Structure formats: C-alpha cells, structure tokens
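Q: The following block contains the structure, expressed as structure tokens.
Any read-out appearing in this document is the output of simple, stated calculations on the displayed coordinates, not a laboratory observation. Not measured: the values here are computed from a predicted model. Positions of Cβ are backbone-derived with ideal geometry, glycine not excepted, and every protein chain shown enters the neighbour counts.
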Amino acid sequence: MALESLHDLYIEQLRDIYSAENQLTEALPKMAKAASNTQLRNSFEAHLKETQEHVTRLDEIFKTLGVKSSGKKCKGMEGLIKEGVEMIEEEGADTVRDAGLIAAAQRVEHYEIAAYGTVHAYAEALNEDAACLLLMQTLDEEKATDQKLTQLAETHLNAEAQGG
C-alpha cells in the first residue's frame with residue numbers, strides 16, 4: 001500500500017498494531033505458564049482477556065473504515081516477543097525469571113502505548129470520532145497494565161529476586 005495520505009498511514013499503523021495484538025494473544029499464555037508468582041500469572045491471564053478485547057475493538061474500526069485488517073506483520077512486536085521467549089528459557093531462580101518477565105512485558109506495554117497514542121492522534125486528526133473513543137479506551141488500559149506491572153515489581157518481585 002502506497003502511503004499517499006495521513007489516512008493511508010493511519011490504516012497501515014492500525015494493521016501493524018492489529019498484528020502486534022494478535023501476536024501477543026499467542027505469547028501471553030506462554031508467559032503466564034512460565035511465571036512462578038501467582039499474581040504475575042494472574043496478571044498475564046487478565047491481560048490476555050484484555051488483549052482479545054483490543055483485537056475486537058480494532059476489528060470494529062476496520063469494519064467502520066471498510067478495509068481489511070490483514071497485510072502487515074508487526075516486526076517490532078515479533079522482536080519483543082522473541083526477547084520474552086528468551087527470558088522464559090533462561091536457567092536460574094524463578095524469582096529472578098519473574099522479574100525478567102515483568103521487564104519483557106513492560107517493554108511490550110510501552111511499545112503498545114506508543115502505537116495506540118500514535119493511531120489515536122491520527123484518528124483525531126482525521127475526525128474518526130468513534131475510533132478515537134475505542135483507541136483511547138485501549139490506550140488507557142495499556143497504561144493501567146503497565147502501572148500494575150510496575151507495582152507488582154516494586155512491591156514483590158524485585159525484592160524476591162534480590163535474594164535469587
């Protein structure tokens with residue numbers, strides 16, 4: 001797809017985040033299974049449900065735009081997930097691995113926050129009011145997940161990992 005307008009870029013970026021979210025729905029169950037801390041596991045499982053809702057919202061936006069969601073592979077998310085898989089496969093103390101899983105998950109969240117912030121700004125500029133609401137709802141949820149992960153790391157996992 002040639003990028004001739006902001007609308008073209010908007011669609012291209014929506015397809016990228018759509019790919020990212022779909023990749024994440026496959027990765028989160030593996031991260032949950034690898035987590036030894038129950039709160040972390042529950043957090044990953046809850047975020048999986050949320051991520052599935054994000055995909056549904058994006059489907060709704062694509063339907064409204066009258067365009068297909070396919071055609072883009074998010075290489076950024078692919079790389080972030082590969083790093084997460086490396087953390088899962090690391091040998092060592094469970095508590096340290098859990099702290100590493102949080103780090104990997106927060107990288108993903110920050111990537112998504114940047115992506116949703118960008119597409120929301122495009123939707124706003126293009127007067128895509130319904131999409132703006134859906135994208136802002138998702139952006140707020142991504143920020144909340146990042147905060148929950150920070151709190152979990154700071155209140156439990158980093159201290160536990162310190163002891164190995």
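Q: Could you tell me how many degrees, from 0 to 90 and to the nearest 10, lie between the Cα long axis of helix 129-152 and the main elongation axis, the longest principal axis, of the Cα atoms of the chain?
A: 10
Q: While we're here: Test of understanding: in a Gaussian network model of the chain with alpha carbons linked when under 10 Å, which of Gly71, Gly100, Gly84 would top the mean-square fluctuation ranking?
A: The residue with the greatest mean-square fluctuation here is Gly71.
Q: What is the helix-to-structure angle for 6-34, meaning the angle in degrees between its Cα long axis and the longest Cα principal axis of the chain, kept from 0 to 90 and rounded to the nearest 10?
A: Helix 6-34 sits roughly 20 degrees off the main axis of the chain.
Q: Okay, moving on. What's the angle, to the nearest 10 degrees (0 to 90), between helix 38-65's Cα axis and the longest principal axis of the chain?
A: 10
Q: For Thr56 and Ala2, what does the FRET efficiency come to when R0 = 25 Å and r is the distance between their Cβ atoms, rounded to the nearest 0.05?
A: The formula returns an efficiency of 0.30 here.
Q: So which trypsin sites (Lys or Arg not before Pro) in the stretch 7-65 are both in a DSSP loop and have at most 16 other Cβ atoms within 10 Å of their Cβ?
A: Taking the stretch 7-65 and a limit of 16 other Cβ atoms within 10 Å, no loop trypsin sites (Lys or Arg not before Pro) are found.
Q: With a bin width of 10 angstrom, please list the P(r) values of the chain as percents of all Cα-Cα pairs, from the 0 bin to the one holding the largest distance.
A: The calculated distribution, bin by bin, is 11, 39, 29, 15, 5, 0.
Q: FRET efficiency for Asp140 and Glu86, Cβ-Cβ distance as r, R0 = 25 Å, nearest 0.05?
A: 0.25
Q: For the chain, set up a GNM with springs between Cα atoms under 10 Å and report which of Asn22, Asn42, Asn127 has the largest fluctuation.
A: For the chain, modelled as a Gaussian network with Cα springs under 10 Å, the answer is Asn127.
Q: Right, next: Mind checking which aspartates and glutamates have their Cα closer than 12 Å to the Cα of Lys148? Skip sequence neighbours fewer than 8 apart in that chain.
A: Glu109
Q: Give the residue from Ala130, Gln147, Val119 lying farthest towards the positive end of the charge dipole for the stretch 114-157; charges sit on Cβ (+1 for Lys and Arg, -1 for Asp and Glu) and the dipole is referred to the Cα centre.
A: Gln147
Q: What list of ³J(HN,Hα) values in whole Hz, one per residue of the stretch 85-95 in order, does the Karplus curve 6.51 cos²θ - 1.76 cosθ + 1.60 (θ = phi - 60°) give from phi, with Gly and Pro shown as x?
A: 5, 4, 5, 4, 7, 5, 7, x, 5, 4, 5
Q: Say a paramagnetic label sat at a point 7 Å from the Cα of Asp94, along Cα to Cβ; which residues of the stretch 11-32 have their backbone N under 15 Å from it?
A: 32
Q: List the lysines whose alpha-carbon lies under 23 Å from that of Lys73, not counting same-chain residues fewer than 8 positions away?
A: Lys30, Lys49, Lys63, Lys82
Q: Take every Cα pair under 8 Å in the chain that's 6+ residues apart, average their separations, divide by the length, and report that relative contact order as a whole percent.
A: 27
Q: Please compute the length gained on full extension between Asn127 and Leu9, using 0.36 nm multiplied by the number of residues separating them and subtracting their Cα-Cα distance.
A: Using 0.36 nm per residue and subtracting the Cα-Cα distance, I get 41.0 nm.
Q: What FRET efficiency, computed as 1/(1 + (r/R0)^6) with R0 = 45 Å and r the Cβ-Cβ distance, is obtained for Glu154 and Glu78, rounded to the nearest 0.05?
A: Approximately 0.95, to the nearest 0.05.
Q: Might you report the magnitude of the Cβ-based charge dipole of the stretch 6-162 about its Cα centre, with Lys and Arg at +1 and Asp and Glu at -1, to the nearest 20 debye?
A: Its charge dipole is roughly 320 debye.
Q: For a quick check, take a GNM of the chain with Cα springs below 10 Å and name the residue from Leu80, Leu24, Leu133 with the largest mean-square fluctuation.
A: With Cα springs under 10 Å in the chain, the top fluctuation among Leu80, Leu24, Leu133 is at Leu133.
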